[in-house]
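In what follows, a single structure is set out as structure tokens and then discussed.
The values are calculated or read from the model by the stated rules, or taken from the named source; none is laboratory data. These figures come from a predicted structure and were not determined experimentally. Positions of Cβ are backbone-derived with ideal geometry, glycine not excepted, and every protein chain shown enters the neighbour counts.
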Amino acid sequence: MVATLRVMLDQLVVPTEPALAEASRDLTRALIAGAPPGCEVEGIAPAGGGTADVPGLAGLRRTALPRRELAAALQMGAGTGIGGGMIHSPTLLAPLVKHDRVHDHDQTVVTIWDLRPWESPGDLPRTAVSWNRAMLKRAVKHADAVVVPTHSMAERLSAIARVGDRVRVIAGAAPLGFAVPTDDVGRRRALNLPEGFLMLAGGPAASDGLEVGFHSIAGSGLDLPIVVIDVAEGGEPAVADLAAAAGIPERRLHVRGALDAADRAAVFGSALAFLAPSRRNAFPWRVVDALTLGVPVIAAASEVHDEVIVDGGDRVDGVDASSLADGLAQALAEALASTSAADRLAVLAGDRGRAFSWREAADKVWHLHAEL
């Protein structure tokens, strides 16, 4: 008898966040590659939209509803035709309804990567906040397990919702095969980016920490270009305003949106350091990217960063935004004061980056469902 793990692939059909789409794709690939004997992986995808084809899937079942309507139906607990079995969702989108795990062997596991809907709701559209909150309430009632990427987020989630001992910690990773491409120079030219810069990621939302990041760069005394990625369309002027308010001239700032893995790796390939000023309770995807590629990391100390970075980069404490900016500025200046200092941080980053693996995450997912 074959055991089938059914994975929600909505992010591959209608991506709502690039990081979630990458995580869904790479986790599914790793689940297929690491499937135990007698096990297979099937995909579940909304009607319409793009392709959700992943090599090695045992099958792909389309729901009757497109993603938007499917998300609304799942929020209300309405029937969607998804059915039962072992269901794993890399997000909160899943059929969170009453089921019988003991007799019918039905399981539903969901994943939360970011606690903004509960801790920084002003950073997100109201519809996104209300949907996430409603789905967590349904998860409290019906999920067999809730996966989060760090132990600190597990503790925080337990304080937000009554998930009890159903929380499991499974970290994410950089994309499979993530490496600086051989045509990295050409890719950076196509993106109209300079060589040798300081790098940040995020948008103008307060929890992204760009204001602190820009002030720290201005205070470091380093006259280097600055590249900011993952800025949502329309957010460029607000990011430029934050930089200008910190005293950074427009000529030094280069703002780009979400990049695919190859372009992003090419950009990291010329970064002298990656600055991570956010202290948000969310998995720091770009920090893990930087660690994986051995880029020196200077980060604000936080429970998430402390757990993810460990000794792979410099972490700076600050009682408020001003002291944090001052500390980051000093750490950044020291990190790039000499070639040996930068090389040391690069080696530490690369060593830590090897701790993150989608194959290991997939093994933990298979173990979780076997345990359930």
(Q) Just checking, does segment 184-200 include any residue being in the same structural domain as His105 (by TED's automatic domain parsing), of a type outside the set (Asp, Glu), in contact with a Gly (Cβ under 6 Å, 6 or more places away or on another chain) and crowded, with 18+ Cβ neighbours inside 10 Å? (A) no
Q.
So in segment 44-93, with the set limited to residues that are touching a His at 6+ places or on another chain (Cβ under 8 Å) and within 24 Å of Glu22 (Cα to Cα), which one is surrounded by the most Cβ atoms within 10 Å (Cβ to Cβ)?
A. His88
Q) Can you pull out the residues in segment 349-359 that are assigned to a helix (DSSP H, G or I) and either in contact (Cβ under 8 Å) with a residue 40 or more places away in the chain or touching a Ser or Thr at 6+ places or on another chain (Cβ under 9 Å) (or both)? A) Ala349, Gly350, Arg352, Gly353, Trp358, Arg359
Q: Would you mind stating whether Ser340 is farther than 23 Å from Leu193 by Cα, part of a helix (DSSP H, G or I) and polar (S, T, N, Q)?
A: yes
(Q) Take the residues in segment 108-158 that are within 20 Å of the chain's Cα centre (by Cα) and part of a strand (DSSP E or B); name whichever of them is farthest from Gly83 (Cα to Cα). (A) Asp114
Q | Given (1) under 22 Å from Leu210 (Cα atoms); (2) of a type in the set (S, T, N, Q); (3) in contact with a helix residue (DSSP H, G or I) (Cβ under 9 Å, 6 or more places away or on another chain), number of the condition Ser357 does not satisfy | A | (1)
**Q.** Among residues of segment 247-305, those that are within 17 Å of Ile217 (Cα to Cα) and of a type in the set (S, T, N, Q), counted
**A.** 1
Q. Give me the pairs: first residue in segment 16-34 and closer than 13 Å to Leu57 by Cα, second residue among the charged types (D, E, K, R), beta-carbon distance under 6 Å, and six or more apart or on different chains, which are they?
A. Ala30/Arg359; Gly34/Arg359; Gly34/Asp363
